[in-house]
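Asker: Can you read through this structure? Questions will come right after.
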Amino acid sequence: MTAPSTQPNFAEPVVDISGLCTVFGKGDAAFTVHQDLQLSVQRGEILALVGGSGTGKTVLLRQMLGLALPTRGRVTVLGQPASEMGREGAASRVGMLFQHGALFSAFNVLDNVAFALREQGTLPPDVVRDAALVKLQMVGLKPEHASRMPADLSGGMIKRVALARALIMDPPLLLLDEPTAGLDPSASDDFVDLLRELHAALGLTVVMVTHDLDTLFALSTRVAVLADKKVVVTGAPREVTRYPHPFIEHFFLGERGQRAMAPVPTAVTAKES
Ligand SMILES: Nc1ncnc2c1ncn2[C@@H]1O[C@H](COP(=O)(O)OP(=O)(O)OP(=O)(O)O)[C@@H](O)[C@H]1O
């Protein structure tokens, strides 16, 4: 018999979901969102979760965070049932970037970023403050941004503050709900670059819900398609586009999809005379 190891098991999936059923409502009003859904996410992946509106993508993220409970089935995160992580346990294992940032409007930037660490109550205030400043720097913000209020930030800055807050406890798993929604194309490209850099630098595993095909093709290493109440296919982004399913044809092969998949045109340079 071997003693249980305290080292992370690198072969084990970071997220492992099996036999998942989610039913909301009761009796005649009951409706099933997930039915026998299976999904696993390996260490280091950036998995894009796509699906039509109301197919249960956000609910699935919330279940990975332990914020929502499945009706049946298993959601395991880093070897532990997500429902048993508790709030503090969850923050050190899973960081979540909510769709609109979800910052506390009455707290300044620094207090938003420091929130989970301060709540834990184990570190002196100056250490908490320094940790939050490090995270702000990590997401490309300056110390002078620390005292700003959320209402005074641009959309791109709100996303960055929310990302710093999600990373405050150094979680190995990051969940992103529509990370580039509401950003203009330039802010969106900058945020994608930041996510790519942080993924590599911190060795993160990422699960993101996105409707944005540019973000999907720029970032994801694998795509999982949610339809018919389950994951109908997973694979490399371009492979998945060839899977015959009405949602996939509509989502990837429409005009937007063709544009996102087109090779980047070579820059035209002015001729020297
Ligand atoms: N707590 C809840 N109680 C009842 N119904 C819920 C609850 N949470 C989500 N739902 C329902 O479950 C379904 C899936 O919701 P979810 O937000 O996960 O969809 P989604 O795939 O993220 O959609 P979208 O792409 O439009 O954001 C929806 O019909 C939603 O109304």
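The values are calculated or read from the model by the stated rules, or taken from the named source; none is laboratory data. What you are looking at is a predicted structure, and each value in this text was computed from that prediction instead of being measured. A quick note on method: Cβ atoms are made from the backbone with ideal geometry, for glycine too, and the neighbour counts reach across all protein chains shown.
Asker: Scan (1) in a loop (DSSP other than H, G, I, E, B); (2) more than 11 Å from the ligand (Cβ to nearest atom); (3) in contact with a strand residue (DSSP E or B) (Cβ under 8 Å, 6 or more places away or on another chain) for the single condition Asp16 breaks and write down its number.
Answerer: (1)
Asker: Would you tally the residues in region 40-71 being under 21 Å from Thr221 (Cβ atoms) and within 14 Å of the ligand (Cβ to nearest atom)?
Answerer: 8
Asker: Are any of the residues in region 117-135 surrounded by fewer than 20 Cβ atoms within 10 Å (Cβ to Cβ), touching a residue at least 12 places away in the same chain (Cβ under 8 Å) and touching a Pro at 6+ places or on another chain (Cβ under 9 Å)?
Answerer: Scanning region 117-135, I find at least one residue that is surrounded by fewer than 20 Cβ atoms within 10 Å (Cβ to Cβ), touching a residue at least 12 places away in the same chain (Cβ under 8 Å) and touching a Pro at 6+ places or on another chain (Cβ under 9 Å), so the answer is yes.
Asker: Okay, next question. So Asn108 ticks every box in (1) touching a Phe, Trp or Tyr at 6+ places or on another chain (Cβ under 8 Å); (2) away from the ligand (no atom under 16 Å from the Cβ) but one. Which box is left unticked?
Answerer: For Asn108, the exception is condition (1).
Asker: If you go through region 152-160 one residue at a time, do you hit one that is in contact with a strand residue (DSSP E or B) (Cβ under 9 Å, 6 or more places away or on another chain) and assigned to a helix (DSSP H, G or I)?
Answerer: Yes, region 152-160 contains a residue that is in contact with a strand residue (DSSP E or B) (Cβ under 9 Å, 6 or more places away or on another chain) and assigned to a helix (DSSP H, G or I).
Asker: When you scan region 159-166, do you find a residue that is over 18 Å from the mean Cα position of the chain (by Cα) and without any contact (Cβ under 8 Å) to a residue 40 or more places away in the chain, even just one?
Answerer: no
Asker: May I pose another question? Being closer than 24 Å to Gln38 by Cβ, hydrophobic (A, V, I, L, M, F, W, C) and surrounded by 21 or more Cβ atoms within 10 Å (Cβ to Cβ) is the requirement here; does Leu110 meet it?
Answerer: no
Asker: From Val113, Val206, grab the single residue that is away from the ligand (no atom under 16 Å from the Cβ), closer than 30 Å to Ser40 by Cα and over 14 Å from the mean Cα position of the chain (by Cα).
Answerer: Just a single option satisfies the conditions, and that option is Val113.
Asker: Another question about this same structure. Can you name the residue in region 73-93 that is modelled with pLDDT of 90 or more and within 16 Å of the ligand (Cβ to nearest atom) and, of all such residues, is nearest to Ala236 (Cα to Cα)?
Answerer: So the residue we want is Val75.
Asker: Let me ask something additional. Just one of Val240, Val139, Val225 is within 27 Å of Val33 (Cβ to Cβ) and touching a residue at least 24 places away in the same chain (Cβ under 8 Å); which is it?
Answerer: Val225
Asker: To continue, here is another question. Would you check if Lys142 is charged (D, E, K, R) and exposed (fewer than 15 other Cβ atoms within 10 Å of the Cβ)?
Answerer: Against the criterion (charged (D, E, K, R) and exposed (fewer than 15 other Cβ atoms within 10 Å of the Cβ)), Lys142 qualifies.
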